[in-house]
Amino acid sequence: FGGIRGLDTVVGPRYLAVLPGTGAIDDGPFIGLNRMPVVADVLSGDLEIIVESSERAGMRRGGVVSYRGMPAGRILDVELASDSTRVRSTVLIEERYAPLVRSGTRFFSISGVAFEFGLDGFRTDVDSLESIIAGGIGFATPPDAGAAAGTGARFALASKLDQDWLEWSPAIASGDLSSESP
């Protein structure tokens, strides 16, 4: 559950969280937030992009963004587009995974559980517990992915992973991917 913040509020009582201050004495007034802010250590090489969909589809504030099942970033915010025709998520991709996001990259929902019943029987796909609770999206990049995405780039969210995307093997130089994200 390392990536899930505030899980205890789902199964237990509400609580008050605080962040360290500057050390200066402040007499107030103090104003509480209605929801906990997503704490993201934004580094200069991190990539902030927009992922859009016709519905929420697994995009949840604080949800994980993964590449090949590895956590590569977080969903910072989810809101309606200004014209209310789409759901728009602000996504932060960690610096070491940022080179993998290209103009041809495809994003897809990994929001937990999928059920399928057909002539060949009943099938269930269950993702990680974190994506079931917090939601999440994944991305795949084709070999001919195009130019590197810049901050503010926009991508459409597919409702599910296309199985062909699992075969994509882009040869893209990236940061030190040997250690896992916290």
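The values are calculated or read from the model by the stated rules, or taken from the named source; none is laboratory data. Fair warning: this is a prediction, and the values are worked out from it, not measured in the lab. Cβ sites come from the backbone with ideal geometry, for glycine too, and all protein chains shown count toward neighbours. Protein only, heavy atoms only, side chains kept; ligands, DNA and RNA dropped before computing areas. Shrake-Rupley method; radii C 1.70, N 1.55, O 1.52, S 1.80 Å.
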> Restricting region 135-155 to residues that are surrounded by 12 or more Cβ atoms within 10 Å (Cβ to Cβ) and aliphatic (A, V, I, L, M), which is farthest from P99 (Cα to Cα)?
Replying inline: I137
> Within region 21-59, can you find the residues that are under 28 Å from S159 (Cβ atoms), modelled with pLDDT of 80 or more, open to solvent by 40 Å² or more (accessible area, probe 1.4 Å) and assigned to a loop (DSSP other than H, G, I, E, B)?
Replying inline: S54, E55, R56
> Just wondering, is there one or more residues in region 124-136 that are at pLDDT 90 or above and part of a loop (DSSP other than H, G, I, E, B)?
Replying inline: no
